[in-house]
Structure formats: structure tokens, C-alpha cells
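The values are calculated or read from the model by the stated rules, or taken from the named source; none is laboratory data. Here the structure is a predicted model, which is why all the values come from computation and not from measurement. Cβ coordinates were reconstructed from backbone atoms using ideal geometry, including for glycine residues, and neighbour counts include every protein chain displayed.
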Amino acid sequence: MDNLLKEGKRLDLAQARRLWDLDLLTLGQAADQVRRRLHPESRVTFVIDRNINYTNVCVSGCRFCAFYRPPGAPEGYVLDWEGLAEKLGELKAFGGSGVLLQGGLNPDLPLDYYEKLVGFIRGFGLGVHGFSPPEIFFLSRQTGLSLQEIIRRLMTAGLSSIPGGGAEILVDRVRRRVSPNKCTSAQWLKVMETAHGEGLKTSATMMFGHLETREERVEHLIKIRELQEKTGGFTAFIPWTYQPGGTDLKGEALGAVEYLRTLAVSRLVLDNVPHLQVSWVTQGPKVAQVALKFGADDFGSTMLEENVVAATGVGFRLSREEIDTLIRQSGYEPQVRDHRYRILTHQDIKGIKDSPQRHREPRA
Ligand code: SF4
């Protein structure tokens with residue numbers, strides 16, 4: 001195994017499974033080598049954005065989710081345009097380049113609501129990194145339109161890229177137990193393949209530390225790697241640990257050591273996905289710094305707003321200045337990027353702040 005890692009050769013499924021036998025530091029060093037090969041420059045990127053969850057109403061009822069409310073529940077909401085405009089104005093003043101837009105699977109929202117939503121955000125001069133595969137799959141089922149048609153309509157409205165949420169573990173044995181009403185692993189991958197075919201870049205995620213085995217995590221990574229070989233459309237991989245607070249699934253949150261081991265295994269297996277992101281929102285700033293030595297080259301986002309993990313009671317928050325400092329303290333140069341991982345200059349950020357807002361409230 002040591003030789004294989006030194007040579008930097010692609011690991012097959014059996015070899016990838018054997019990575020778990022290695023100790024923490026060996027794994028970290030090997031992952032750091034891959035990171036240096038892919039990113040010889042000594043920089044760590046992050047994006048200035050906010051997560052906007054347009055609705056918390058959801059028919060999926062995933063057992064790990066503390067955020068959703070079933071249709072008809074008194075705490076269910078759909079964001080109004082005024083509230084949304086306020087959030088977007090705030091983000092722009094902060095120099096944000098885009099919004100991570102996700103919501104529940106709300107049966108009361110028609111396709112043109114999503115189109116108006118994307119257009120409204122674009123009117124502020126902000127990018128839209130929006131609608132994870134379960135949302136797109138749900139829209140396709142609801143409207144009877146193909147995945148390709150839904151993606152094209154959203155792209156015409158201004159969608160810039162797709163976040164890799166809703167992947168959890170791409171093994172149906174696990175999905176049947178944690179999110180039985182959500183799209184299957186093949187359907188998740190199909191949405192991504194279709195999006196890549198239309199020229200959209202996407203990220204990929206893995207939420208781990210619940211009912212899956214370590215082998216199933218590796219299976220998940222191999223599925224992402226295989227699709228990436230075919231399409232080249234994934235920009236980044238973001239593994240994060242399940243947070244049990246307030247969920248139906250309950251259980252214990254995984255600790256830092258297993259998080260770092262899984263991060264390093266991800267870097268070693270996913271040799272064809274350019275970026276690997278730390279999850280400071282679940283692991284906290286100190287572990288996130290260590291994660292930069294375990295294969296990660298991206299610090300995620302400022303998350304001016306985050307609701308989904310916060311619903312579990314996990315409350316790490318970081319300002320842009322704190323992110324800068326944490327990256328510098330770890331020995332890297334912080335650089336701001338957009339959701340497509342393009343590096344932004346001070347001039348770009350100033351341009352976003354100064355550009356006029358052209359939004360108009362859409363008619364109901
Ligand atoms: S994870 Fe997403 S799809 Fe599942 S219940 Fe929560 S909001 Fe709904």
C-alpha cells in the first residue's frame with residue numbers, strides 16, 4: 001500500500017478499502033501529497049456567499065433532517081420577496097458573489113416559482129448555485145418534464161451551477177433507511193450527469209457517520225469518481241459529518257479523527273475531482289485548519305446565513321476576517337473564489353458591491 005501511495009497511482013475498490021487500515025498520520029501525509037500535486041500553489045480558497053433556504057416545507061421526511069416541516073405545519077414557510085431582497089442586499093454589501101439556494105421538496109411551488117426566484121437573485125448581480133439533485137428530480141416528477149428540460153429551464157432563468165447536496169451516501173441500502181422518499185443513488189447521479197451534459201458545473205457531497213459502513217463510504221467515492229471520468233463536471237467534493245441533534249435518526253456525531261480519516265480517504269480516491277472542501281460548520285475552526293493538512297484546499301464559504309446544520313443545534317460561525325486569519329495561520333494564502341471556483345480579485349469584489357440592483361418583484 002505504501003508503494004502504491006508513493007507512486008500516486010489510481011486506487012481500485014479493493015485498494016481503496018484497505019486505506020482504512022492505515023494510521024491517521026500516514027493517511028494525512030498521503031492525502032497532502034495528492035493535494036500538493038493537484039495544487040502546487042500554496043493557497044486556500046473560499047467563497048463569500050450565504051445559504052438561502054427558500055422553503056422548509058418538505059414531503060421527503062428524511063430521518064437525519066432537523067430542518068424540514070411537513071406540508072401544513074404551522075412553522076412551515078416560503079420566503080417572501082421582500083425578505084429575500086433584504087438578504088440579497090446584505091450579501092451584496094458584503095461583497096458576496098452568489099447564493100447557495102436550496103429548499104425542501106414543497107409540492108405547492110410550481111416550476112415558474114423557481115424560475116422567478118433564480119431571475120430575482122440574478123437581478124442583484126449575484127450567481128445562483130442552486131437546487132440539489134433531489135429538488136431537480138422532484139420538479140421533474142411533479143411537472144412530467146424530463147431532467148434535461150427542467151435543467152434547461154433553470155439555466156435559461158440564470159442558474160449558474162448546482163450544489164451536490166442530497167447525496168448522503170450513494171448506496172441504496174443506506175438511503176432506504178435514512179431517506180426512503182428521496183431519489184435513489186442512480187437518480188442522483190443521473191441528475192448530475194444531465195447537468196454536466198448541459199454544461200453546468202456541480203459539486204458533490206457526502207454526509208457520513210450515521211448508518212453507513214466505511215466500505216459504503218468508499219463505494220460512494222468510487223461512484224463519484226466514475227461519473228467524473230465520464231463528464232468532468234464536478235468542481236469539488238465536500239464530505240461532512242451527520243449531526244444528530246433534533247433528528248428522528250438520533251445517534252452520536254462522529255469525532256474529528258474519523259472526519260479527518262474520511263477526508264484523507266476522499267482525497268486519495270477522488271484523484272480526478274479538483275477541490276476538496278473542509279467542513280468548519282460541523283467540525284469547528286481548529287479541526288478545519290488541521291483538515292488543510294489532510295487533503296483539503298478549500299475552506300468553503302462565509303455562510304452569512306446557514307439554517308440546515310444550525311437546526312441540529314451545531315452553531316459554529318466564522319466571519320470573513322476569521323476565515324482569512326485561520327488560513328494564514330495554517331501557512332496558506334487565502335483567496336476568494338466564486339461558486340465555480342474562479343478566483344476573484346479585489347476589483348471583481350468591488351464591482352459586485354458597486355453594481356446596480358436591477359431586481360423587480362415578480363408578479364405572484
Ligand atoms: S434533507 Fe432535504 S429533502 Fe430531506 S427532509 Fe430535509 S429538506 Fe427535505
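Quick one: which residue in Q283, Q357, Q277, Q347 is at pLDDT below 95 and buried (at least 21 other Cβ atoms within 10 Å of the Cβ)?
Result: Q283 is the single residue among Q283, Q357, Q277, Q347 that is at pLDDT below 95 and buried (at least 21 other Cβ atoms within 10 Å of the Cβ).
Taking the condition under 24 Å from C65 (Cβ atoms), in contact (Cβ under 8 Å) with a residue 24 or more places away in the chain and in a helix (DSSP H, G or I), does G251 pass? Don't jump to the end; show me each part of the working.
Working: under 24 Å from C65 (Cβ atoms): yes; in contact (Cβ under 8 Å) with a residue 24 or more places away in the chain: yes; in a helix (DSSP H, G or I): no.
In short, no.
Select, from Y242, Y259, the only residue that is away from the ligand (no atom under 16 Å from the Cβ), of a type in the set (F, W, Y) and farther than 26 Å from R340 by Cβ.
Criteria check complete, one pass: Y259.
Limited to the stretch 78-132, what total is found for residues that are away from the ligand (no atom under 16 Å from the Cβ) and in a loop (DSSP other than H, G, I, E, B)?
Result for the stretch 78-132: 10.
How about the stretch 160-179: which of its residues are away from the ligand (no atom under 12 Å from the Cβ), in a loop (DSSP other than H, G, I, E, B) and in contact with an Asp or Glu (Cβ under 9 Å, 6 or more places away or on another chain)?
Answer for the stretch 160-179, where residues must be away from the ligand (no atom under 12 Å from the Cβ), in a loop (DSSP other than H, G, I, E, B) and in contact with an Asp or Glu (Cβ under 9 Å, 6 or more places away or on another chain): S160, I169, L170, V171.
The rows are residues; the columns are (1) modelled with pLDDT of 95 or more; (2) assigned to a helix (DSSP H, G or I); (3) more than 25 Å from R337 (Cβ to Cβ).
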{"residue": "C183", "(1), (2), (3)": "yes, no, yes"}
{"residue": "L189", "(1), (2), (3)": "yes, yes, yes"}
{"residue": "H196", "(1), (2), (3)": "yes, yes, no"}
{"residue": "T202", "(1), (2), (3)": "yes, no, no"}
{"residue": "E219", "(1), (2), (3)": "yes, yes, yes"}
{"residue": "E226", "(1), (2), (3)": "yes, yes, yes"}
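Identify, by number, the condition in (1) within 16 Å of the ligand (Cβ to nearest atom); (2) at pLDDT below 95 that I48 doesn't meet.
Checking I48 against (1) within 16 Å of the ligand (Cβ to nearest atom); (2) at pLDDT below 95, the one that fails is (1).
Could you tell me which of the residues L38, L22, L27 is in contact with a Pro (Cβ under 9 Å, 6 or more places away or on another chain), more than 16 Å from the ligand (Cβ to nearest atom) and not small (G, A, S)? Lay out the reasoning, then the answer.
On the way: L22 fails: in contact with a Pro (Cβ under 9 Å, 6 or more places away or on another chain); L27 fails: in contact with a Pro (Cβ under 9 Å, 6 or more places away or on another chain).
One residue alone meets the criteria, L38.
What is the number of the single condition among (1) within 16 Å of the ligand (Cβ to nearest atom); (2) in a loop (DSSP other than H, G, I, E, B); (3) surrounded by 15 or more Cβ atoms within 10 Å (Cβ to Cβ); (4) not acidic (D, E) that A73 does not meet?
Every condition holds for A73 apart from (3).
Only one of R217, R141 is basic (K, R), on the phi < 0 side of the Ramachandran plot and away from the ligand (no atom under 16 Å from the Cβ); which?
R217
Out of L88, L24, L19, L84, I need the residue that is farther than 22 Å from V287 by Cα, in contact (Cβ under 8 Å) with a residue 40 or more places away in the chain and surrounded by 13 or more Cβ atoms within 10 Å (Cβ to Cβ). Which one? Before you say what the answer is, go through the steps one by one.
Numbers: L24 fails: farther than 22 Å from V287 by Cα; L19 fails: farther than 22 Å from V287 by Cα; L84 fails: in contact (Cβ under 8 Å) with a residue 40 or more places away in the chain.
Unique residue meeting the criteria: L88.
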